[in-house]
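Have a look at the structure below before the remarks.
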Amino acid sequence: MEKKRERLIEVFLKKNSQINLSAIRDEEWVYDKHIRDALEVQNVFDFVDGMEVCDVGTGWGFPLLPLATEYPNVHFTGMDWVRKKLDAIQDMANQLDIKNIELLWKRAEECKDKQFDVITARAVAYVDKLLPWTKHLLKQGGCWILFKQVDEQERQDLLNLCGSLNLKLEKRHTYTLFEGDIERVIYVVRRLGGTWKPR
C-alpha cells in the first residue's frame, strides 16, 4: 500500500505543477497535510465492502483519493460544483487506475436522487450549514465523518445540533499534524431514525 501512496503523491505533484491545485509542493507536506490527514479516519471508523460514500466538496480529491485507494471495494462519489477540480481528480484517478470513484458536478443541495451510507467532508463549511445542506444525502442510520480544525465553539454547536436534530456524536478524535503545529479533529456523527426536525 505504501507504493500506492507514493504514486498518489507523485501524480498529485505533477498535476499541481500543471494547474496549481495547492500551494504545497513538497512530497512530505503532501503526505502530512493531505494523505495522512485523510487516513487518520482509520483510527475511528471502519469502512465496509459495498458501502456507498460521498465526499462532499471534494476539492482537489482529499480525502477522496487516499480513501478510494485504501478501500477498493467501497464505492466513493466525489461531489463538487467546480468542474476544473473534478476534471483534475478524474485525470489523477485514471493515472492511478482507481476504479471505485464516481464524480458528480453538483452542489450538495442540488443532488436530490442519491443517498449514501457515509458522507465525508473536509474543510467544507461550518457544521450549522453543512449538516442541513447534506442531510438529504445521508441514509437514516448513516453517518457524517467531519474533518475539522479544533474549535471548541464549533464542537458545542455540533452538540446542540445533535440534540435538536436527532443525531448522535459517536466519536471525537483529536490529532496533530506537522509535529503538533496543527490541531485537527474528526467527528463521527450518526443520523438516527425518525424524522429530521430542524429548530
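The values are calculated or read from the model by the stated rules, or taken from the named source; none is laboratory data. Since this is a predicted model, take the numbers as computed values, not measurements. Every residue, glycine as well, gets a Cβ built from its backbone with ideal geometry; the counts of neighbours run over all protein chains shown.
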With the structure loaded, tell me whether Glu52 is acidic (Asp, Glu) and either touching a His at 6+ places or on another chain (Cβ under 9 Å) or modelled with pLDDT of 90 or more (or both) or whether it fails that test. yes
Inspect all residues belonging to region 106-121 and state whether any of them is more than 18 Å from Pro63 (Cα to Cα), at pLDDT 95 or above and not polar (S, T, N, Q). no
Is at least one residue of region 19-35 touching a His at 6+ places or on another chain (Cβ under 9 Å) and modelled with pLDDT of 90 or more? no
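For (1) touching a residue at least 60 places away in the same chain (Cβ under 8 Å); (2) part of a strand (DSSP E or B); (3) farther than 23 Å from Asp37 by Cβ, each residue gets a yes or a no:
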| site | (1), (2), (3) |
| --- | --- |
| Lys112 | no, no, yes |
| Val118 | yes, yes, no |
| Ala125 | yes, no, no |
| Leu131 | no, no, no |
| Phe147 | yes, yes, no |
| Gln156 | no, no, yes |
Against the condition part of a helix (DSSP H, G or I), closer than 19 Å to Cys143 by Cα and within 18 Å of the chain's Cα centre (by Cα), how does Leu86 come out, does it pass? no
Can you tell me which residue in region 94-114 is surrounded by the fewest Cβ atoms within 10 Å (Cβ to Cβ), limited to those that are touching a helix residue (DSSP H, G or I) at 6+ places or on another chain (Cβ under 6 Å) and closer than 19 Å to Gly50 by Cα? Asn100
